[in-house]
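These notes concern the structure reproduced below.
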Amino acid sequence: MSLQPFKRYFSLFARYLKPQWGKVLLMSVLLLISIGLQLYNPKLLGDFINATLQQGLGQGLAWLALLYLLVSFLNQGVSVVSEYLCEKVAWTATNQLRADLLSHVLTLDQAFHKQHTQGELLERIDGDVNDLSNFFSKFVVHMFFHLLLLLGLLVVLTSIDSRLGVSMGGYCLLVVVALTWMRRPSVERWVVARQASAEFFGFLGESLAATEDIRANGGMNYVWRNFYNRFYRWYATTCHAGWSGASPWIISQALFALGRVLGLVLGAYLWSIGLASPGTVYLIFVYSSLLMQPLDQVQWQLQDLNKSESCIRRIEGLFATRQAIQDGPGTKPAAGAPSVTFEHIAFGYSLDEPVLKDMTFHLSAGHVLGIVGRTGGGKTTVTRLLFRMYDPQSGSIRLNDVPLTDMRLGELRQRISLITQDVQLFDATVRDNLTFFRRDITDERILSVLEEIGLLPWYASLSQGLETMLGASSAGLSAGEAQLLAFARVFLTDPDLVVLDEASSRLDPLTQKLMEQGMAKLFANRTGIVIAHRLETLQRVDDILVIENGEVLEMGSRADLVGNPDSHFARLLQHVDGAIYA
Ligand SMILES: Nc1ncnc2c1ncn2[C@@H]1O[C@H](COP(=O)(O)OP(=O)(O)OP(=O)(O)O)[C@@H](O)[C@H]1O
């Protein structure tokens, strides 16, 4: 019998049970009391039968019956309290496990998150642990409790007659070995079933997030087809795994029937040779039948262990996933707005498809750089490398001459703010959305920032001020307003370098004006990089970088490039609008 799954199980949960050792101890004591009561109760009935046969009805019998009832009630009470404790211990442990998994997943690289859908990760953080939680609470109650009960019953049977104890002990050993042996094949099947479930939820999450686009583009047939395919795969793999538990169940039922017959035959034999009274024969039969209860539970727990082992493997796999982006030793670039240098950077999301090729440029401290170029040219990729969402395959990126790889990731991300087109809002209050749940930022500070970027009229329209709830879908906010909110977040964190992927949708004149004012304030005393989608924005930048096919086509001060009619930038301006922005 392999102890591997038990070892894995216990090594994972010993960590999570340790802080609750007091409750675990109390739970164990209650379980022991419950076992004692369960063993004592049939003995009372046996005494009752013997006393009835020997003395007839009398007052003694009434007391025995009363005691029997009392023990039964007490047993129920103890069971309820211990079950409550088990659930509490299980939920506390598994909630902590969920939290650890979530914080681990949040530290993993962008590359990992691109490979796994949100729905799939949800399933791995919650679904897998949830299955483990059921198993965990039941395992502690049933496996531990029933194995002890089994042991107790065998001791009692041995005390009646040693031959009884040996025969029934041998029988129990046979059943446990047989059930464990039959258990193994279904573990792999449960791993496949869990993955199918994660993929189904991943697809569902993606489809729900893109409902608007899917409807607008007539993609419903594709969604339904995939929905049924994935759902069917989930159903089929779960059935396959579930069925592999059916044969152990059928065989175990046959073995249990055999055990009851064995108990009856042994009891009858002892009675026939004068070694057992009718009350004792009854006791032997009841205790032999009671043996089936822990054996049945052990059987079910072993079935559940298959499912849980597959979950444990997936949880261990997730914990073992390491981030490719490693923390640097902690060199700090000089304080204040930094210079940015890209030197011979080569990068591709996959090795065979280069996106940036030998890219070199330098942005002076305190300058604002506008990056322009064709769609898919690599503009966003430049900003992702700067934020160390990915590392380049070769070359070096430096802030104030300090390579990014020498800085601590926390420090780097504190000094840079990235504002993307897709502003992420939380289903939380306006305050929490602006401060990212920090409590040390005062309302006065928030309001002064909103005033600075011209969002006070928007704030005045909110029914409950900073306490107003904002939906996660950013419903009711235009692209421009969402970016203004992101500006406010940046003001509150006060970074040295701001990277802005400008909203490309058309903005109304008022919002556009607010954006321009906001950007001017945002970039004051900071280094800035703007991926510009609107030429108006480029009036405010100091330098221009034109990217094409992952290479620097042109870089220079905006004034120089505008003044040179042969420059790519000047041609771009003329081509787009027929006018040069000066
Ligand atoms: N996460 C990713 N995984 C694989 N390929 C990617 C990923 N992100 C971008 N790409 C590819 O890298 C190339 C450059 O993309 P990038 O987003 O940097 O271009 P861009 O110039 O910002 O485009 P746009 O102006 O449309 O935003 C494109 O061919 C794109 O398909």
Scan of the stretch 457-470 for residues that are assigned to a helix (DSSP H, G or I) and surrounded by 13 or more Cβ atoms within 10 Å (Cβ to Cβ), ordered by number: Trp458, Tyr459, Gly465, Leu466
From the options Asp352, Asp327, Asp304, residue that is of a type outside the set (Lys, Arg) and without any contact (Cβ under 8 Å) to a residue 24 or more places away in the chain: Asp352
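The rows are residues; the columns are (1) under 29 Å from the mean Cα position of the chain (by Cα); (2) crowded, with 20+ Cβ neighbours inside 10 Å; (3) not assigned by TED's automatic domain parsing to the domain that holds Leu545.
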{"position": "Arg388", "(1), (2), (3)": "yes, yes, no"}
{"position": "Gln393", "(1), (2), (3)": "no, no, no"}
{"position": "Leu399", "(1), (2), (3)": "no, yes, no"}
{"position": "Val430", "(1), (2), (3)": "yes, yes, no"}
{"position": "Leu434", "(1), (2), (3)": "yes, yes, no"}
{"position": "Arg438", "(1), (2), (3)": "yes, no, no"}
{"position": "Ile441", "(1), (2), (3)": "no, no, no"}
Subset of the stretch 519-544 (residues that are touching a Ser or Thr at 6+ places or on another chain (Cβ under 6 Å) and of a type in the set (Phe, Trp, Tyr)): none
Qualifying residue in the stretch 370-379 (condition: more than 36 Å from the chain's Cα centre (by Cα), in the same structural domain as Val541 (by TED's automatic domain parsing), within 12 Å of the ligand (Cβ to nearest atom) and basic (Lys, Arg)): yes
Number of the condition not met by Gln424 [criteria: (1) modelled with pLDDT under 90; (2) within 16 Å of the ligand (Cβ to nearest atom)]: (2)
Checklist (1) over 17 Å from Gln414 (Cβ atoms); (2) surrounded by fewer than 20 Cβ atoms within 10 Å (Cβ to Cβ); (3) in contact (Cβ under 8 Å) with a residue 60 or more places away in the chain; (4) within 16 Å of the ligand (Cβ to nearest atom) applied to Ser339, failing item: (4)
Filter result (surrounded by 12 or more Cβ atoms within 10 Å (Cβ to Cβ) and more than 26 Å from the chain's Cα centre (by Cα)) within the stretch 215-239: Gly219, Met220, Tyr222
Condition check for Gly395: away from the ligand (no atom under 12 Å from the Cβ) and either acidic (Asp, Glu) or over 26 Å from His533 (Cα atoms) (or both): yes
Number of the condition not met by Asp327 [criteria: (1) within 27 Å of Leu106 (Cβ to Cβ); (2) crowded, with 16+ Cβ neighbours inside 10 Å]: (2)
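Being at pLDDT 80 or above, closer than 30 Å to Ser247 by Cβ and not hydroxyl-bearing (Ser, Thr, Tyr) is the filter here; which residues of the stretch 282-294 pass it?
Answer for the stretch 282-294, where residues must be at pLDDT 80 or above, closer than 30 Å to Ser247 by Cβ and not hydroxyl-bearing (Ser, Thr, Tyr): Phe285, Val286, Leu290, Leu291, Met292, Pro294.
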Subset of the stretch 345-357 [surrounded by fewer than 21 Cβ atoms within 10 Å (Cβ to Cβ), at pLDDT 90 or above and more than 9 Å from the ligand (Cβ to nearest atom)]: Ala346, Pro354, Lys357
Every pair of residues 6+ apart whose Cβ atoms lie under 6 Å, when the first sits in the stretch 192-206 and is at negative phi while the second is surrounded by 22 or more Cβ atoms within 10 Å (Cβ to Cβ) and hydroxyl-bearing (Ser, Thr, Tyr): Arg194/Ser310
Output for the stretch 315-369, where each listed residue is of a type outside the set (A, V, I, L, M, F, W, C) and within 30 Å of Asp131 (Cα to Cα): Glu316, Gly317, Thr321, Arg322, Gln323
Residue match in the stretch 296-306 (condition: in a helix (DSSP H, G or I) and more than 31 Å from the chain's Cα centre (by Cα)): yes
Given (1) out of contact with any Lys or Arg (no Cβ under 8 Å at 6 or more places or on another chain); (2) buried (at least 17 other Cβ atoms within 10 Å of the Cβ); (3) hydrophobic (A, V, I, L, M, F, W, C), number of the condition Ala334 does not satisfy: (2)
Every residue from the stretch 272-281 that is assigned to a helix (DSSP H, G or I) and either modelled with pLDDT under 85 or in contact with a strand residue (DSSP E or B) (Cβ under 6 Å, 6 or more places away or on another chain) (or both): Pro278, Gly279, Thr280, Val281
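The values are calculated or read from the model by the stated rules, or taken from the named source; none is laboratory data. Not measured: the values here are computed from a predicted model. Quick reminder, even Gly has a Cβ in these numbers, built from the backbone with ideal geometry, and neighbours come from all protein chains shown.
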